[in-house]
Amino acid sequence: MLKEGLEKQEILKILEKKLSPDYSYDSGFILGSMCTAPLNFGKEIYMKYINKNLGDPGLFPGTSDLENELIDEIGNLFGGNNITGAFTTGGSEANLIAMRIVKKLRNDIKNPEVIVPVSAHASFDKAEDILGIKLKKVNLNEDYELDLNHFESLLNRKTCGVVGIAGTTSLGLIDPIDEIGKIIEGKDIFFHIDAAFGGFVLPFLEKLSYKIRPWDFRVQTVNSITADPHKMGLGVIPSGGFLIRDPSILKKLGFEIPYLAGGNFKHFQIVGTRPGGPVIAFWAIIKLLGLNGFTNIVKECMKNTQYLVKRISEIKGIKIVAKPVMNVVGITTESGESICKIDEELRKKKWMLGKFVDLNLIRAVIMPHVQKPHLSKFIEDLENILKKMKIS
Ligand code: 0PR
């Protein structure tokens with residue numbers, strides 16, 4: 001029940017106590033998260049512009065222009081030209097927007113189907129549920145690669161969309177987007193790429209001369225991309241991104257909200273009131289870091305990733321699931337024994353990794369907050385656990 005107001009000091013004390021069970025990024029224990037602490041400058045800018053609402057762009061035309069400028073810049077980074085789109089609350093909303101477009105563009109299909117890899121993020125299952133589309137899931141082969149033959153066998157007259165992933169949630173792998181594009185070329189099928197994680201890793205890996213398979217707007221059949229600043233972009237939560245090649249689609253499928261200030265605005269996002277602060281913060285982050293800043297951050301993450309891979313490969317009883325393409329590392333047992341008990345023991349020591357039971361792996365995401373000393377300590381604890389469990 002609401003009581004009399006308290007002193008600020010008292011509130012701060014209560015909050016500190018109530019939030020004390022939370023983990024912090026700088027402790028290093030958050031080893032399986034795709035989020036990280038935002039860049040300090042981004043936080044500052046966010047606080048300064050926290051009251052901006054992009055749901056009513058007529059009130060905030062400057063913020064709205066900044067968003068368009070930013071989307072255009074990200075579109076360029078992803079090999080596109082005059083790309084449009086919007087910031088979202090995250091990858092889930094961006095994927096939901098994409099799936100709505102996929103369905104709407106083909107309203108001639110009665111029971112629309114979308115082909116997604118079995119490794120696709122849960123947001124596509126949510127989209128299936130919300131939008132009433134049918135997901136057809138493509139198997140992976142023993143190398144965790146999309147099975148292109150199976151993919152082709154799922155194509156039919158009801159297929160209105162196809163999803164490729166650039167940075168899978170479980171292993172950070174990239175689907176054969178070029179090959180998928182060739183298969184659907186000339187067919188009236190929308191091609192969406194989920195680069196929620198990979199979007200702000202892959203352009204910088206390329207800059208570091210890593211050989212990266214094509215995944216972005218340079219693949220001519222790619223229609224739209226999800227890429228989240230609140231993952232490897234070091235943006236504030238919430239900041240996701242939805243980018244689309246053909247601007248006329250958003251105009252066609254947006255909802256007119258005539259009473260808004262300035263009128264003539266169309267909402268194609270899921271949410272109405274939309275935070276402008278994260279957009280402005282990311283604009284500032286991009287300006288501050290520039291290509292070199294991001295590239296150096298990714299370089300450091302990859303150095304630490306390779307260190308973890310090397311240390312894991314020296315331990316008997318466990319192994320790396322697949323050679324990492326980006327800063328995501330899957331770890332499993334050599335014998336095929338369940339990884340769950342090891343994960344349980346790691347959690348007792350506060351190590352928080354992602355657990356994927358269907359793939360029998362635990363996932364480490366080597367975000368910028370994960371430093372080499374954290375990884376050394378992690379390996380030490382892991383070795384002790386394995387010895388105790390008589391696995392190594
Ligand atoms: N697409 C991909 C490929 C993803 O990996 C994710 C989330 C999404 C879409 C959805 O993004 P939003 O969560 O922004 O809607 N991937 C992370 C995951 O499931 C989300 C996450 C982040 C989970 C931080 C835990 C955590 O601590 O692993």
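Past 27 Å, Cα to Cα, is the threshold; run Lys231/Lys287; Lys126/Lys251; Lys48/Lys126; Lys211/Lys303; Lys136/Lys316 against it and keep the listed order. Beyond 27 Å between Cα atoms: Lys48/Lys126; Lys136/Lys316.
DSSP bridge analysis restricted to the chain gives an antiparallel fraction near 60%, rounded to the nearest 5. Sorted on the mean count of surrounding Cβ atoms within 10 Å across their residues, most packed first, peptides 45-54, 324-333 read 324-333, 45-54. Per-peptide packing, taken as the mean over residues of other Cβ atoms within 10 Å, places 364-377, 220-233, 340-353 in the sequence 220-233, 364-377, 340-353 from highest down.
Taking a straight Cα-Cα cut-off under 29 Å and skipping sequence neighbours fewer than 8 places away in the same chain, the lysines within cross-link reach of Lys3 are Lys13, Lys17, Lys18.
The local environment of Ala364, defined by Cβ-Cβ distances under 12 Å, has a net charge of +2 under the rule Lys, Arg +1 and Asp, Glu -1.
Largest GNM mean-square fluctuation across Asp125, Asp358, Asp188, computed for the chain with C-alpha springs under 10 Å, falls on Asp358.
Helices that extend 30 Å or more along their long axis by alpha-carbon positions and average at least -0.5 on the Kyte-Doolittle scale are, among the DSSP H runs of the chain, 277-313. A simple packing score, the average count of other Cβ atoms within 10 Å per residue, orders the peptides 118-124, 21-27, 208-214 as 118-124, 208-214, 21-27, with the highest score first. Once the C-beta distance of Lys372 and Ser313 is scaled by a Förster radius of 22 Å, the resulting FRET efficiency is 0.85 to the nearest 0.05. Gain on full extension, evaluated as 0.36 nm per residue between Glu69 and Lys211 minus their Cα-Cα distance, stands at 48.2 nm.
Derived value for the chain: Kirkwood hydrodynamic radius 22.3 Å. Basis is the mean of 1/r over every pair of different alpha-carbon atoms. Fewest-first ordering of Phe41, Phe282, Phe197 by other beta carbons within 10 Å of each residue's beta carbon gives Phe41, Phe197, Phe282. The overall shape of the range 86-141, judged from the alpha-carbon gyration tensor, is oblate: a/c is not under 1.5, and a/b is no greater than b/c. As a proxy for reagent exposure, Glu337, Glu67, Glu16 were ordered by neighbouring Cβ count within 10 angstrom, fewest first; the result is Glu16, Glu337, Glu67.
The numbers here are math on the coordinates, done by the rules we state, and not lab data. The structure displayed is predicted, hence computed values, not measured ones. We place every Cβ from the backbone using ideal geometry, glycine too, and count neighbours over all the protein chains shown.
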